[in-house]
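> Before we start, here is the structure in question, set down as structure tokens.
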Amino acid sequence: MKLLAIDTATSACSVALLAGGRIVAERSADMQRGHAEALMPMVAEVLAASLSACPRGFADLDLIAVTAGPGAFTGVRIGLAAAGAMAAAAGIPAVGLTTLEVVAAAQPPSGRPLLVALDAKRADVYCQLFGAGPDSSIPAPLTEPQAILPADLPARLPAGPVALAGDGAGPAAAALRAAGREVLRLQGHDRPEAAVLARLAAARWQGAPPPLGSPLRPLYLRAPDVSLPARGA
Amino acid sequence: MRVLGIETSCDETAAAVVGGDRRILSNVVLSQLDEHRPYGGVVPEIAARSHLDHIGGLVARALREAGTGYEDLDGVAATAGPGLIGGVMVGLMTGKAIALVRKLPFVAVNHMEAHALTPRLTDGIEFPYLALLVSGGHCMLLAVRGPGGYRRYGSTVDDAVGEAFDKTAKMIGLGYPGGPALEEAARTGDPARFDLPRPMLGRPGCDFSFSGLKTAVRRTLDALPAGPLDPKTASDLAASFQQAVADVLADRAARAIARFREEFPGGSTLVVAGGVAANRHLRAALEKTAQSNGMRFVAPPLALCTDNAAMVAWAGIERLGAGLTDSLDAPARPRWPLDETAAEPRG
């Protein structure tokens, strides 16, 4: 399987191409803004660096994978709009994976449940709990993705020690420790990475790609910040 | 030559395919009116989400209706601003992605340039011409010399004209969207019943101002008995407001015609475009101004005055024809003056 993976959902922008089970080329940069400018040149660079595996470029790809959120609303839309249009124009399917599962898939096995907490730029964090399966590169979710205040975390987690990862792990760890919970903070892969996304998507859809034109759905986890006007205003 | 156009800068998601021979092969527009109506105005985050939900399906439909495959396209044009940035990003990334995959030239279109060039698509008029662009976010008079070639004669110093329509309609209680609702109410109203000011009328230059007019409507309402307006009064006030706007636009346009004539003796057309150009009363007033000043008057059909993607595709064709393309790192620009050398216009 040959697939292109892109991520623009958080404060980084990355692109990776996977062919024959390995990452052939990847590009990545930290950025708070500017994803809309950076993404397409990065895709072009990755394709140019993958000519041995994909000499015909997009025509050789089987799948596009993208992080569908949760993350920055605009960043999520940049990735999904680009992935959907690339897939349609190339005549191949596109799939969306969550930022939370991609961060989870990057963590080393710790033997405990893994809580991924991502910075939501608000009081709450985006988080999800994953099981300590035999293969940590394929995360097994124990909860749904949710936006939650760190202070509410201790009551929501099963008893016992947990591992913690993600760029929202700081406040989450503080809240858990304050509640007397034992926390193992995993370091080094706190944000989604296109290369991890590519491996995860390849593992999930190997041999059974989704049908052409399957819709990509954003995962915002938060309603638009707007209130109805007062009556009569 | 066939170009795909994409428009997502406000509250319409649109895609179109236009030919270099000025044929509109498809033109699909999805309005988000119902999604924004409860809020009495466009909510940017709701707009951006809706654009993302619909853009893929609309592009597919525009290609299908045009009988065009990706392989038949010669270029992709997408609105890159000015507008609501979250929505603009959706269309911009869609356009860039298609251009990259299909190895097509890409054009990042200025939404106001697309409005300004529409009369060349619909009526085939020649450069140079004088354009009055009136919309929810803009009000300006420009000499149009060619793609990318604009000289601004005047613009609003406060509210855009569409903004004034929407706010006034809200004050009178005419519902959303305000522009069409106000025009409908004004149809049966007496434009002479309320004596509203004509800001800037007779003043030198070609600038506009509408905030004083809006305030005058507020004062008029405050002076009326409390409680809901009777339909006759609402209609009369709407008609009086619309007439005041028409008088101001006509006066400013007449001044701009004089200046345009001096600078471009070869030009003889006044164009009005943009969403507010869908207002029939304003069109009629401007047509009269053009005629009495010896100018030809051109206004695109109503459906091509409001936001659409055929105009974006056409702007792409014009710019490609002039050798103007953009790279795939082109930014979305929430504010983007047409005449880059001038100071940024307000409104």
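> Restricting to the stretch B:264-289, and then to whatever is part of a loop (DSSP other than H, G, I, E, B) and more than 14 Å from B:A131 (Cβ to Cβ), can you tell me which residue is most open to solvent (accessible area, probe 1.4 Å)?
Within the stretch B:264-289, the first condition is being part of a loop (DSSP other than H, G, I, E, B), and the residues that meet it are B:264-268, B:274, B:279.
Restricting the remaining residues to those that are more than 14 Å from B:A131 (Cβ to Cβ) gives B:265-266, B:279.
Values: B:P265: 108, B:G266: 72, B:N279: 10 Å².
Per the criteria, the residue is B:P265.
> Within the stretch B:300-308, is there a residue that is crowded, with 19+ Cβ neighbours inside 10 Å and part of a helix (DSSP H, G or I)?
Step one: filter the stretch B:300-308 for residues crowded, with 19+ Cβ neighbours inside 10 Å, giving B:300, B:304-308.
Next, from what is left, pick out any that are part of a helix (DSSP H, G or I): B:304-305.
So far as the stretch B:300-308 goes, yes, one or more of its residues are crowded, with 19+ Cβ neighbours inside 10 Å and part of a helix (DSSP H, G or I).
> Another question about this same structure. Looking only at residues in the stretch A:31-41 that are within 21 Å of A:L97 (Cβ to Cβ) and open to solvent by 20 Å² or more (accessible area, probe 1.4 Å), which one is nearest to the other protein chains (Cβ to nearest Cβ)?
A:A38
> If the Cβ limit is 8 Å and pairs must be 6+ apart or interchain, which residue in the stretch B:28-55 that is touching a residue at least 40 places away in the same chain (Cβ under 8 Å) pairs with which residue that is basic (K, R) and open to solvent by 30 Å² or more (accessible area, probe 1.4 Å)?
B:V28/B:R61; B:G40/B:K170
> Same structure again: Return a yes/no flag: does the stretch A:177-200 have any residue that is within 19 Å of A:R22 (Cβ to Cβ), at pLDDT below 95 and open to solvent by 70 Å² or more (accessible area, probe 1.4 Å).
no
> Same structure, new question: Name every residue in the stretch A:1-27 that is surrounded by fewer than 24 Cβ atoms within 10 Å (Cβ to Cβ), assigned to a strand (DSSP E or B) and under 14 Å from the mean Cα position of the chain (by Cα), in order of residue number.
A:A12
> Please determine, by comparing only the residues of the stretch B:42-68 that are closer than 16 Å to A:S227 by Cβ and either more than 9 Å from chain A (Cβ to nearest Cβ) or in a helix (DSSP H, G or I) (or both), which one is most open to solvent (accessible area, probe 1.4 Å). Don't jump to the end; show me each part of the working.
From the stretch B:42-68, those closer than 16 Å to A:S227 by Cβ are B:42-46; that's our starting set.
If we keep only those that are either more than 9 Å from chain A (Cβ to nearest Cβ) or in a helix (DSSP H, G or I) (or both) as well, we get B:42, B:44-46.
Numbers: B:V42: 48, B:P44: 72, B:E45: 35, B:I46: 22 Å².
Result: B:P44.
> Return the pair list, or none, for Cβ contacts closer than 6 Å from residues in the stretch A:17-43 that are in contact (Cβ under 8 Å) with a residue 60 or more places away in the chain and assigned by TED's automatic domain parsing to the domain that holds A:G71 to residues that are open to solvent by 30 Å² or more (accessible area, probe 1.4 Å) and assigned to a strand (DSSP E or B), at least 6 apart or on different chains.
Hits for this filter: A:L17/A:V24.
> Report, by residue number, each residue of the stretch B:214-257 that is in contact with a Ser or Thr (Cβ under 7 Å, 6 or more places away or on another chain), of a type outside the set (S, T, N, Q) and at pLDDT 95 or above.
Within the stretch B:214-257, B:V217, B:L237, B:F241, B:A250, B:A253, B:A254 qualify.
> Quickly run through the stretch B:76-105 and pick out the residues that are surrounded by fewer than 24 Cβ atoms within 10 Å (Cβ to Cβ) and either more than 10 Å from chain A (Cβ to nearest Cβ) or assigned to a helix (DSSP H, G or I) (or both). It would help to see each step written out before you state the result.
Going residue by residue through the stretch B:76-105, those that are surrounded by fewer than 24 Cβ atoms within 10 Å (Cβ to Cβ) are B:81-82, B:84-86, B:102-105.
Hits for the stretch B:76-105 are B:G81, B:P82, B:L84, B:I85, B:G86, B:R102, B:P105.
> Those residues that are more than 23 Å from B:L182 (Cβ to Cβ) and open to solvent by less than 10 Å² (accessible area, probe 1.4 Å), I need them from the stretch B:122-140; list them, please.
Step one: filter the stretch B:122-140 for residues more than 23 Å from B:L182 (Cβ to Cβ), giving B:122-131.
Residues satisfying the conditions are B:I125, B:Y129, B:L130, B:A131.
The values are calculated or read from the model by the stated rules, or taken from the named source; none is laboratory data. Everything numeric in this text was worked out from a predicted model, so none of it was measured. Cβ sites come from the backbone with ideal geometry, for glycine too, and all protein chains shown count toward neighbours. In case anyone asks, the SASA skips ligands and DNA or RNA and just uses the protein heavy atoms, side chains included. Shrake-Rupley method; radii C 1.70, N 1.55, O 1.52, S 1.80 Å.
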